[in-house]
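The values are calculated or read from the model by the stated rules, or taken from the named source; none is laboratory data. Here the structure is a predicted model, which is why all the values come from computation and not from measurement. Because the Cβ atoms are built from the backbone with ideal geometry, glycine has one as well, and the counts that use them run over all protein chains shown.
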Amino acid sequence: MKPENPVRPAAASPRAISRRSTGRSQNIDHHVGARVRERRIMMGLTQQQLADLLGVTYQQAHKYERGINRVSAGRLYEMAQVLSVPVSYFFDGLQDEPTRAVGTRERMCLELARNFAHIPNERHQEALSQLARVLATE
C-alpha cells in the first residue's frame, strides 16, 4: 500500500507575492524611493552616478527610486552612507502626507538649494537671498 501524498500548496510565484503586498507597504516603498531621488538630486548626482556608487545597474537605481523594487535593509544602509544621511532620513515625513512624485517646481527648488549651498562666497549667497526676497514680493 502506497502512503498517501499530502496535498501541498504550490509555491507562490514572485508575481503572486508582489501582488499580495499591502497598499501600505507599497506606499512606504514609494516614499523611500522618493526620498532617495530627492536626496540624489540635492547632491547633484545622476541616477547612473548613484548606481555606480551603489554597485547596481542604472535600471536597478531607477526601480528603487520609483518604488518598483523594494530596497533591502542592507541596501538602504548603503544608500544612507553614499547619500550622507541617516537611515531614518528615508522615512521622514512618512506619517505626515501621502507620497507623491517630485514635480518640476520641487525639482527646481531642490536644485536651487543645492546650487546655493555650493556658492563659496558668503556675500554672493546673501546677494542671491536678497534678490529672491525682492522677486518674491513682486
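Test residue 101 against the stated conditions and say whether it is closer than 30 Å to residue 115 by Cα and at pLDDT below 75. So residue 101 passes the test.
Note on region 113-126: residues that are part of a helix (DSSP H, G or I), modelled with pLDDT of 85 or more and either under 22 Å from residue 39 (Cβ atoms) or among the aliphatic types (A, V, I, L, M) (or both) total 3. Restrict the check to region 113-123 and report whether at least one residue is charged (D, E, K, R), in the same structural domain as residue 32 (by TED's automatic domain parsing) and either touching a Leu at 6+ places or on another chain (Cβ under 9 Å) or surrounded by 12 or more Cβ atoms within 10 Å (Cβ to Cβ) (or both). The answer is no, given that none of the residues of region 113-123 is charged (D, E, K, R), in the same structural domain as residue 32 (by TED's automatic domain parsing) and either touching a Leu at 6+ places or on another chain (Cβ under 9 Å) or surrounded by 12 or more Cβ atoms within 10 Å (Cβ to Cβ) (or both). A search for C-beta distances below 6 Å between a residue of region 115-138 that is without any contact (Cβ under 8 Å) to a residue 24 or more places away in the chain and any residue that is loosely packed, with under 11 Cβ neighbours inside 10 Å and part of a helix (DSSP H, G or I), counting only pairs 6+ apart in sequence or on different chains, returns nothing.
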